[in-house]
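Data block below; observations after.
The values are calculated or read from the model by the stated rules, or taken from the named source; none is laboratory data. Quantities reported herein were computed from a predicted structural model and do not represent experimental measurements. Cβ sites come from the backbone with ideal geometry, for glycine too, and all protein chains shown count toward neighbours. For the accessible areas, the whole protein counts, side chains as well, though only heavy atoms, and no ligand, DNA or RNA atoms are used. Shrake-Rupley method; radii C 1.70, N 1.55, O 1.52, S 1.80 Å.
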Amino acid sequence: MAKKGFTVTDHRSGKSYDYPTVESSRGPKGVDFRSFYKDTGCFSYDPGFTSTASCKSSITFIDGEKGELRYRGTPIEKLATEHSYLETCFLLRVGRLPSEEELNHYDLELRHRSFIHEGLRNLFDAFPQEAHPMSTLSSAVAALSSFYYEHLEMNTEEEYREMARRIVAKMPTLAAFAYRYSKGIPFIYPDIERSFTENFLYMMRAYPGGKMHIDPEGERLIKPIEVKALDTIFTLHADHEQNASTTVVRSVASTGAHPYVAISAGISALWGRAHGGANESVIEQLKMIGSVENVDAFIAKAKDPDDPFRLMGFGHRVYKNFDPRAKILKSLQDQLKEELDMDNNLMRIAARIEEIALSDDYFVSRKLYPNIDFYSGVILTALGIPRSMFTPIFVIGRTIGWVTQWIEFKKDAEQKIVRPRQIYVGP
Ligand code: ACO
């Protein structure tokens with residue numbers, strides 16, 4: 001009978017070793033190399049883990065060749081167009097979409113947990129005003145662990161649920177506070193009568209006392225289309241399997257640290273420009289390019305092997321066809337064009353870059369397509385969100401993914417402390 005797994009031959013000793021496959025329900029199977037070092041005395045070498053699966057997971061599935069993304073089996077296109085962010089959060093945590101009653105209950109639970117301890121407010125005063133909201137946010141989330149120390153040890157489902165609800169509910173408040181502190185303007189407390197996404201826009205925009213600016217026609221200031229657009233952005237960012245920041249969250253989880261410090265570490269990892277920080281850099285870059293006439297020169301810089309310049313918002317480790325989240329955002333951008341005040345110059349520059357990159361051999365042969373960050377910045381700008389808040393918005397959306405992955409890690413009996421090895425080449 002043919003063997004099912006893989007056989008590795010060590011040509012030094014002439015010995016062969018068998019490694020079993022690890023079955024998957026979709027996408028590539030794995031090979032169980034856990035005994036490889038014991039068998040051969042060698043380490044597998046895989047910088048950046050391009051060929052390494054660190055866990056089994058049933059949360060999110062990506063097919064990078066087909067440009068497919070599913071949360072708990074549901075395609076992202078369906079979630080982004082037919083469901084809300086809170087329904088998506090429930091789906092990620094519980095494994096199925098909620099009933100209307102469950103959704104209402106979940107929504108209320110989050111509203112009630114959106115406030116932060118008054119003691120935590122004081123933390124913000126310790127920061128210089130020019131501090132980037134990402135640094136304040138990562139510190140505030142780490143500090144949250146001292147207010148909910150009980151989450152260090154959790155044994156029941158209810159304890160996991162409470163820990164997850166708290167962090168999801170408080171993240172928009174902490175993010176909005178981080179922003180308002182950076183501007184030197186008073187904090188706005190959550191308004192329990194507003195939905196999750198509307199409440200975040202309210203905490204960003206309201207005047208002291210919770211008053212909203214009124215436009216000349218006396219119109220209310222948070223338009224439903226703006227709430228819908230931001231809600232979709234949160235949904236598209238909710239999880240993305242074992243990306244860099246999630247891997248950091250799981251690594252910290254493996255040491256037995258508090259879940260909120262693991263999420264704080266995830267926030268720090270997300271900040272980098274190769275990851276979530278790219279959304280801020282895309283707009284910086286579009287502004288630096290300045291006009292459509294300058295696009296060709298920047299494309300030439302991006303292609304120059306001697307120039308470290310990279311086109312921000314292009315390329316992805318996993319998507320080698322297109323990023324399905326980018327497609328959804330592009331069509332959202334087209335809808336918003338009609339309804340919101342979009343920066344036409346930025347959109348023209350972005351459209352020209354996209355046009356060149358999708359036909360130029362450098363980008364085509366390397367399978368570099370626009371990623372989610374290429375479009376999110378233009379939309380967030382139209383919603384009046386300042387650039388420094390683009391990555392914190394990514395954080396708000398991704399918190400549900402991090403916390404769900406943290407819980408999955410904790411319940412996985414096969415997991416151990418994350419402790420890779422090295423190939424020593426020093427003296
Ligand atoms: N502009 C120009 N060239 C690029 C770009 C880019 N944005 N991205 C990759 N390349 C080139 C590299 O120079 C390399 O070329 P070479 O083979 O001639 O040396 C080739 O494409 C492969 O690049 P790698 O860095 O090996 O690809 P990797 O999968 O490791 O990196 C990454 C993926 C980090 C996203 C990269 O494409 C990048 O830096 N993009 C810009 C930043 C960005 O948009 N990040 C957001 C990602 S999405 C997210 O995190 C939510």
Exercise. Checking MET288 against (1) in contact with a Gly (Cβ under 9 Å, 6 or more places away or on another chain); (2) more than 12 Å from the ligand (Cβ to nearest atom); (3) closer than 19 Å to GLY313 by Cα, which single condition isn't satisfied?
Worked result: (1)
Exercise. Without any contact (Cβ under 8 Å) to a residue 40 or more places away in the chain, in a helix (DSSP H, G or I), within 16 Å of the ligand (Cβ to nearest atom) and not hydroxyl-bearing (Ser, Thr, Tyr) - does that describe any residue in the stretch 360-368?
Worked result: yes
For this session: Go through the residues of the stretch 376-389 one by one and say whether even a single one is on the phi > 0 side of the Ramachandran plot and free of Cβ contacts under 8 Å to residues at least 60 places away in the same chain.
Result: no
Exercise. Condition test on SER388, is it open to solvent by 10 Å² or more (accessible area, probe 1.4 Å), more than 11 Å from the ligand (Cβ to nearest atom), hydroxyl-bearing (Ser, Thr, Tyr) and within 23 Å of GLY64 (Cα to Cα)?
Worked result: no
For this session: Kindly indicate which of ILE267, ILE299, ILE263 is part of a helix (DSSP H, G or I) and more than 14 Å from the ligand (Cβ to nearest atom).
Result: ILE263
Exercise. Of ARG325, ARG273, which residue is under 18 Å from the mean Cα position of the chain (by Cα) and either within 8 Å of the ligand (Cβ to nearest atom) or of a type in the set (S, T, N, Q) (or both)?
Worked result: ARG273
For this session: Please work out which residue is surrounded by the fewest Cβ atoms within 10 Å (Cβ to Cβ), limiting yourself to the stretch 369-385 and to residues that are away from the ligand (no atom under 13 Å from the Cβ) and either modelled with pLDDT of 90 or more or farther than 23 Å from HIS240 by Cα (or both).
Result: GLY384
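So that you can scan it fast, the table gives a plain yes or no per residue for (1) in a helix (DSSP H, G or I); (2) within 16 Å of the ligand (Cβ to nearest atom); (3) not hydrophobic (A, V, I, L, M, F, W, C):
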residue	(1), (2), (3)
MET171	yes, no, no
LEU174	yes, no, no
PHE177	yes, no, no
ASP191	no, no, yes
TYR202	yes, no, yes
HIS213	no, no, yes
THR235	yes, yes, yes
GLN242	no, yes, yes
For this session: Hey, could you check the stretch 40-67 for residues that are in contact (Cβ under 8 Å) with a residue 60 or more places away in the chain and of a type in the set (Ser, Thr, Tyr) and say which is least open to solvent (accessible area, probe 1.4 Å)?
Result: THR60
Problem set entry | Residues within the stretch 77-102 that are open to solvent by 40 Å² or more (accessible area, probe 1.4 Å) and assigned to a helix (DSSP H, G or I), tallied | 9
